[in-house]
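Comments concern the structure below.
The values are calculated or read from the model by the stated rules, or taken from the named source; none is laboratory data. It should be emphasised that the depicted structure is a prediction, and the values quoted were computed from it without experimental measurement. Please note: Cβ atoms are built from the backbone with ideal geometry, for glycine as well, and neighbour counts cover all protein chains shown.
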Amino acid sequence: MLTGLAVPSTDNHTLSVVIRFHDPNRLALLEEAIFSLALQFWRDIELVVVIQNGTAAIEAQIAELIEKQPWLGQPMYQVLSLQFSPGFDGRSKLLNHGVQHAKGRYLAFLDDDDYVYQHGYCVLIESLSGNQQVLAAGKCRVSRSRKSNGYWHIYQKNSPFEWGRNLADLLFDNFIPIHSYVIDRTRIAPEDLWFDEQLNLLEDYDFLLRLTAKYRFDFSNLDNPVCEYRYHETNSLQPDLDLNPASTPKIRQARELIDARKNSLTISLSVLDLLLLRTELQVAVPAPIVEPSVDKKLLIDLLTKQNRSLNKVVDKIYDFAHQHTGLISILVFCTRSVRKFLAAFR
């Protein structure tokens, strides 16, 4: 937990973007990320770049990168450094240090090799201004790149995170990359704005899980691409590893900590959230594949039996979740159980 954080004024319209940076060899990627911020339609932006084991020379290089971007006015920025022992992964500490120094009402995060589309922050902040949610998330696209002759070349783009649509999906697994959302700090207690420094993978998902226990998110922009996640050979997570929790010891350990978090957190659901959960559970069962010669009455009986069975399972799971303490693990169990149930009909 961070100390000394103040709640910004609602008259404050600055967006603070925290960028963590750990490798001087990635300055060219960092420049592209900063360039995407200079082009934003939302002009009131503060950059907070936090460097792992930064030196005065690296700080000066990054300040020069910021200054030479096509800002409409004089850029607001801070370039900070944190020192760590060799080999230590300080990604969560870098984020926390950036949060502690951010001055804006709105808060966003950006890794040094990703970027935000020009309209991205404007869409998310305007969405927050029309409701009382703490966090607004948008769609994140993924590009895959290879380096050739000193330049990165994109060879594929897709949207692997679009499976997630709502709170139930987020409790099941993360579909909201760290640079695809904006937080309104005036609606969140300062003691809730921190990343777990025990985690050096999946720290962003742990952060979101803790927020879901107390606050509501705005998922209304999930069909609107606001940013891009760039996969390349220097990523800490490669696309093939993301889907396999046991692929490396680090990922396995992070997944175990995430599961422990789900088992310990309780979540406060409003009536609307419960209704949305029930709607999620009542996904229509796909019709079975039958030959045209099958008797119509037999087909109707089959469909009726399937739907009746589904409704019974939904009612039991929903009642169980409703009557118990609201543990996140229970809600995850609900979504997984229904998905397994539906899979039996496919």
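Within the stretch 5-25, which residues are buried (at least 16 other Cβ atoms within 10 Å of the Cβ) and over 23 Å from Arg185 (Cβ atoms)? Once the filter is applied, which keeps residues that are buried (at least 16 other Cβ atoms within 10 Å of the Cβ) and over 23 Å from Arg185 (Cβ atoms), the stretch 5-25 yields only His22.
One line per residue, one yes/no per condition, for (1) at pLDDT 95 or above; (2) buried (at least 19 other Cβ atoms within 10 Å of the Cβ):
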residue: Val182; (1), (2): yes, yes
residue: Arg187; (1), (2): yes, no
residue: Leu193; (1), (2): yes, yes
residue: Leu199; (1), (2): no, yes
residue: Leu202; (1), (2): no, yes
residue: Phe207; (1), (2): yes, yes
residue: Thr212; (1), (2): no, yes
residue: Tyr215; (1), (2): no, no
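Note on the stretch 63-167: enclosed strands (runs of 3 or more DSSP E) holding 3 or more residues that are within 30 Å of Asp223 (Cβ to Cβ), modelled with pLDDT of 95 or more and not hydrophobic (A, V, I, L, M, F, W, C) are 135-148.
Among the residues of the stretch 134-151, those identified as of a type outside the set (S, T, N, Q) and under 21 Å from the mean Cα position of the chain (by Cα) are Val134, Leu135, Ala136, Ala137, Gly138, Lys139, Cys140, Arg141, Val142, Arg144.
Assess whether Arg185 counts as being of a type in the set (Lys, Arg) and farther than 24 Å from Asp112 by Cα. Please lay out each step first, then the result.
Working: of a type in the set (Lys, Arg): yes; farther than 24 Å from Asp112 by Cα: no.
Here the answer is no, as Arg185 does not meet what is asked.
Scanning the stretch 45-67 for residues that are touching a Phe, Trp or Tyr at 6+ places or on another chain (Cβ under 8 Å) and of a type in the set (Asp, Glu) yields a single hit, Glu46. If only residues of the stretch 113-152 that are within 23 Å of Arg91 (Cα to Cα) and among the basic types (Lys, Arg) are counted, the one that is surrounded by the most Cβ atoms within 10 Å (Cβ to Cβ) is Arg141.
Phe219 falls short of the stated requirement of being at pLDDT 90 or above, under 20 Å from Ile267 (Cβ atoms) and assigned to a helix (DSSP H, G or I).
Please work out if Leu170 is surrounded by 14 or more Cβ atoms within 10 Å (Cβ to Cβ) and modelled with pLDDT of 95 or more.
No.
Summed over the stretch 175-216, residues that are over 23 Å from Leu37 (Cβ atoms) and aromatic (Phe, Trp, Tyr) total 4.
In the stretch 46-64, the count of residues that are over 24 Å from the mean Cα position of the chain (by Cα) and either within 22 Å of Arg185 (Cβ to Cβ) or touching a residue at least 40 places away in the same chain (Cβ under 8 Å) (or both) is one or more.
Looking only at residues in the stretch 19-62 that are part of a loop (DSSP other than H, G, I, E, B) and in contact with a His (Cβ under 6 Å, 6 or more places away or on another chain), the one that is nearest to Pro86 (Cα to Cα) is Asp44.
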